[in-house]
Amino acid sequence: MEFSHIPVLLEQCLEGLDIKSDGIYLDGTCGGAGHSREIAKRLTNGRLVGIDRDPEAVKTASERLAGYNAQVVKGNYSEIKDISKELGIDGYDGILLDLGVSSYQLDNGSRGFSYHTDAPLDMRMSMEGTSARDIVNTYSEEQLSKILFEYGEEKFSRNIAANIIAARKEKPIETTLELAEIVKSSIPARFRREKNPCKKSFQAIRIAVNCEFEHLDKGLDDAFDMLNIGGRLCVITFHSLEDRIVKQRFASFCTGCICPPDFPQCVCGRTPAGRLVNRKPIEADEKELEANVRSRSAKLRIIEKIKEREC
């Protein structure tokens with residue numbers, strides 16, 4: 001299967017990055033190089049670095065960026081400081097993070113991300129480490145319920161967790177459709193009619209498998225730190241939990257005085273390290289929504305670094 005990647009909010013990202021032909025840029029979630037190739041096209045004597053944890057993405061992106069002043073590294077964007085040090089890069093003029101699972105990973109049934117296709121229960125973006133099968137078959141009922149509630153905002157998390165435990169006492173849960181059937185049977189019929197009842201649970205387990213929020217938490221701080229003054233960080237999110245983390249972290253970068261409100265004047269001397277380029281998230285227009293249905297939940301936030309942050 002070809003590694004397909006339709007870049008979401010492409011023009012908005014390119015504009016948000018404010019690309020300079022001699023700048024140094026990073027695509028921290030390179031995928032199929034949809035965004036990366038368009039960034040690379042705009043560079044003359046500049047440089048592009050792509051990072052992805054998926055070995056299939058690294059291979060594909062490297063092939064698609066051949067001929068450009070670009071290189072792709074296997075890793076996680078949360079490792080940006082170590083990777084950049086190895087590459088001899090001190091800072092970037094722009095960084096892009098396109099979060100979540102890629103279209104290729106969703107559409108490739110064998111990767112076990114989709115609840116529409118029967119496949120081994122996997123969901124590992126890196127194809128290494130703990131899998132969804134491991135979590136579903138070894139975590140306690142309390143742990144499973146917590147993951148489903150906190151990462152999927154699933155209000156029937158306790159029912160689903162209890163039914164997973166009951167099912168695996170009979171036999172291990174091995175495939176995506178086995179898990180999907182357990183989730184469906186755990187949700188009252190009137191709620192199953194609203195939307196696919198598996199979406200939240202599969203999202204939650206995927207986030208847990210890939211430690212997505214832990215990487216996001218560290219990655220945002222390190223990406224902002226690695227920006228040159230005047231450099232921009234663009235982040236695309238696909239669900240409310242991700243977007244909330246990005247929104248709050250960007251707000252902290254833009255926070256100045258932290259003195260208590262009853263102080264007559266500032267004594268901390270703290271000033272903002274960042275400036276929001278867009279106050280509200282940028283979303284896909286009607287034309288893009290028609291061309292790419294997966295852009296419907298995408299939100300783009302952009303911040304510009306104006307000074308080094310005070311840790």
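The values are calculated or read from the model by the stated rules, or taken from the named source; none is laboratory data. Here the structure is a predicted model, which means the values were calculated and not measured. Cβ coordinates were reconstructed from backbone atoms using ideal geometry, including for glycine residues, and neighbour counts include every protein chain displayed. Side chains are part of the model used for accessible areas, which takes the heavy atoms of the whole protein and leaves out ligands, DNA and RNA. Shrake-Rupley method; radii C 1.70, N 1.55, O 1.52, S 1.80 Å.
What to note about this one:
- Options Glu63, Glu38, Glu56: the member that is assigned to a helix (DSSP H, G or I) and either modelled with pLDDT under 95 or in contact with a Ser or Thr (Cβ under 7 Å, 6 or more places away or on another chain) (or both): Glu56
- Any hit, region 107-120, residues being at pLDDT below 90, more than 22 Å from Ile173 (Cα to Cα), in a loop (DSSP other than H, G, I, E, B) and open to solvent by 10 Å² or more (accessible area, probe 1.4 Å): no
- Any hit, region 2-23, residues being touching a strand residue (DSSP E or B) at 6+ places or on another chain (Cβ under 9 Å) and in a strand (DSSP E or B): no
- Test result for Ser201, of a type in the set (Ser, Thr, Tyr) and either surrounded by fewer than 16 Cβ atoms within 10 Å (Cβ to Cβ) or closer than 26 Å to Arg296 by Cβ (or both): yes
- Scope region 214-261; condition open to solvent by less than 30 Å² (accessible area, probe 1.4 Å), touching a residue at least 24 places away in the same chain (Cβ under 8 Å) and over 23 Å from Lys280 (Cβ atoms); matching residues: Asp222, Met226
- Scanning region 290-311 for residues that are within 21 Å of Leu96 (Cβ to Cβ) and modelled with pLDDT under 95 gives Ala291, Asn292, Arg294, Ser295, Arg296, Ser297, Arg309.
- Note on region 134-162: residues that are in a helix (DSSP H, G or I), more than 20 Å from the chain's Cα centre (by Cα), surrounded by fewer than 21 Cβ atoms within 10 Å (Cβ to Cβ) and not aliphatic (A, V, I, L, M) total 9.
- Residues in region 43-67 that are touching a strand residue (DSSP E or B) at 6+ places or on another chain (Cβ under 8 Å) and open to solvent by 60 Å² or more (accessible area, probe 1.4 Å): Arg47 alone.
- Checklist (1) in a loop (DSSP other than H, G, I, E, B); (2) open to solvent by less than 50 Å² (accessible area, probe 1.4 Å); (3) in contact (Cβ under 8 Å) with a residue 12 or more places away in the chain; (4) over 20 Å from Tyr92 (Cβ atoms) applied to Asn278, failing item: (4)
- Number of residues in region 292-311 that are without any contact (Cβ under 8 Å) to a residue 24 or more places away in the chain and farther than 20 Å from Asn228 by Cβ equals 2.
- Residue in region 95-112 that is among the aliphatic types (A, V, I, L, M), closer than 18 Å to Glu128 by Cβ and without any contact (Cβ under 8 Å) to a residue 60 or more places away in the chain present: no
- Residues of region 22-42 classified as open to solvent by less than 50 Å² (accessible area, probe 1.4 Å) and more than 10 Å from Asp93 (Cβ to Cβ), total: 13
- Yes/no for Phe191 being part of a helix (DSSP H, G or I) and loosely packed, with under 15 Cβ neighbours inside 10 Å: yes
- Only one entry in Gly88, Gly75 is surrounded by fewer than 19 Cβ atoms within 10 Å (Cβ to Cβ), closer than 20 Å to Val235 by Cβ and not hydrophobic (A, V, I, L, M, F, W, C), namely Gly75.
- Out of Glu86, Glu128, sole residue that is in a helix (DSSP H, G or I) and either of a type in the set (D, E, K, R) or on the phi > 0 side of the Ramachandran plot (or both): Glu86
- Considering region 281-291, and only residues there that are part of a helix (DSSP H, G or I) and in contact with a helix residue (DSSP H, G or I) (Cβ under 7 Å, 6 or more places away or on another chain), the residue that is nearest to Ile229 (Cα to Cα) turns out to be Glu288.
- Residue within region 208-215 that is out of contact with any Gly (no Cβ under 7 Å at 6 or more places or on another chain) and under 24 Å from Arg275 (Cα atoms) present: yes
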